[in-house]
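Below you'll find the structure, written out as structure tokens, and then a few comments.
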Amino acid sequence: MDWEKISSEAKIELLQVTDLLSLEKWRISYLGRKSALALFLRQLKDLPLEEKKIQGPLSNKVRQSWEKMYQEKNDDLKNNQIVSDSWDHTVPVKSALNGHLHPLTLMAEKVVSVFEKMGFEIVEGPEVEDDYHNFEALNVPANHPARDMWDTFWIKSDEKEKNLLLRTHTSPDQIRYMETHQPPFRILVPGRAYRHEATDATHEMQFYQIEGLVVSEDITLANFKNIIEESVRHIFKKDFKIIFRPDYFPFVSPGVEVDISCFKCRGKGCRLCSNTGWIEVMGAGMVHEKVLTNVGYEKGRYQGFAFGLGLERYAMIQYGIDEIRLFESADLRFLKQF
Ligand code: FA5
């Protein structure tokens, strides 16, 4: 018997097999009781001894290799193929898991859409910043005590590009925009900020801010107050109590902090709001004259306001979340609720 020739025919035929029915036909034809191989094995005992010694092991090897080929093909078809005649259409299937937007994305989209309706242009800036844009141009020179307000992640880099950092706020994007644009304008800059600080229920090391900047010849703090009150009303669709308090930032004068009444204790005071009854949501103020001249604007001609709001804080208020660290936890029990 020319086992080599028959084996190669068997292989070619097996390659063409695509369902279990034709695989069974193949098995009957090559390994079945009436197959050439089975007949040969049955007649083996009648061969002369010398011949038997050669043909015996040879034909057994052929049988083993065909059985292996058969088994592999069988497994392959069973794993990968739905055999039409054994497919029960009535068996319920597991429904596919649908993805959905992260609560911070939902919140950012809401904030952006409200400000867009108020005529703000959406702008983005780099997360890896230089000292100049993050601090210097914002009137925070080296060694200024206000630098302590932003615990900074500095980036190790070569001589040419030294003083790189992960931006500690989105305010450097005010500078980047003003360097290339003349007033009047209103911009909104959503983005990530990084601070090397201990985390707690309202502080993360990576968080999102949304910066706003409006500059023209006649912008006042009253415009700022009105825009923030209106935007809060449209974003949250509730009449939250908002408080504007004096605060200090080197790049604004006067400076303002904006707080919204604590959603958890309704102003009574709790752990979340450090017993103040208020949750701080943004820093803001009238753009400092030094900042306007640093970007090359004519001295005394323009004025404007800027603000930097914390997106997580907004989302916490919107969804009643009392722990900021849940946002980045990747905990599906949390994420599935949105
Ligand atoms: C600033 O970052 C200023 N750049 C804001 C500003 C912009 C002032 C323009 C004046 C003009 P502050 O550090 O307070 O300020 O942060 C602003 C807001 O970001 C906070 O009110 C808070 O909502 C949010 N935020 C600050 N630090 C964290 C943190 N570690 N985790 C989560 N949110 C934070």
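The values are calculated or read from the model by the stated rules, or taken from the named source; none is laboratory data. Just so we're clear, the structure is a prediction, and the values are computed from it rather than from any experiment. Methodologically, a virtual Cβ is constructed for each residue, glycine included, from the backbone with ideal geometry; neighbour enumeration extends over all protein chains shown. In case anyone asks, the SASA skips ligands and DNA or RNA and just uses the protein heavy atoms, side chains included. Shrake-Rupley method; radii C 1.70, N 1.55, O 1.52, S 1.80 Å.
Within the stretch 166-197, restricting attention to residues that are assigned to a loop (DSSP other than H, G, I, E, B) and of a type in the set (D, E, K, R), the residue that is surrounded by the most Cβ atoms within 10 Å (Cβ to Cβ) is Arg167. For the stretch 176-193, the tally of residues that are β-branched (Val, Ile, Thr) and away from the ligand (no atom under 11 Å from the Cβ) stands at 2. Filtered by the rule that a residue be surrounded by fewer than 20 Cβ atoms within 10 Å (Cβ to Cβ) and not in a helix (DSSP H, G or I), the stretch 322-338 gives Asp322, Glu323, Glu328, Ser329, Ala330, Asp331, Lys336, Gln337, Phe338. Of all the residues that make up the stretch 248-282, how many are open to solvent by 70 Å² or more (accessible area, probe 1.4 Å) and near the ligand (Cβ under 8 Å from one of its atoms)? Adding up the residues that qualify gives 1.
Listed by first and then second residue, the pairs linking a residue in the stretch 189-201 that is in the same structural domain as Leu165 (by TED's automatic domain parsing) and touching a residue at least 40 places away in the same chain (Cβ under 8 Å) to a residue that is among the small types (Gly, Ala, Ser) and near the ligand (Cβ under 10 Å from one of its atoms), with Cβ atoms under 8 Å apart and 6 or more places separating them unless they lie on different chains, are Val189/Gly212. Taken over the stretch 198-217, the residue count meeting the criterion of being more than 8 Å from the ligand (Cβ to nearest atom), modelled with pLDDT of 95 or more and part of a loop (DSSP other than H, G, I, E, B) is 1. Taking Val291 as the residue in question, decide whether it is touching a residue at least 60 places away in the same chain (Cβ under 8 Å), within 12 Å of the ligand (Cβ to nearest atom) and farther than 22 Å from Val112 by Cβ. Answer is yes for this residue. For the stretch 150-164, the criterion of being open to solvent by less than 60 Å² (accessible area, probe 1.4 Å), of a type in the set (Ser, Thr, Tyr), in the same structural domain as Ser113 (by TED's automatic domain parsing) and within 16 Å of the ligand (Cβ to nearest atom) is met by at least one residue.
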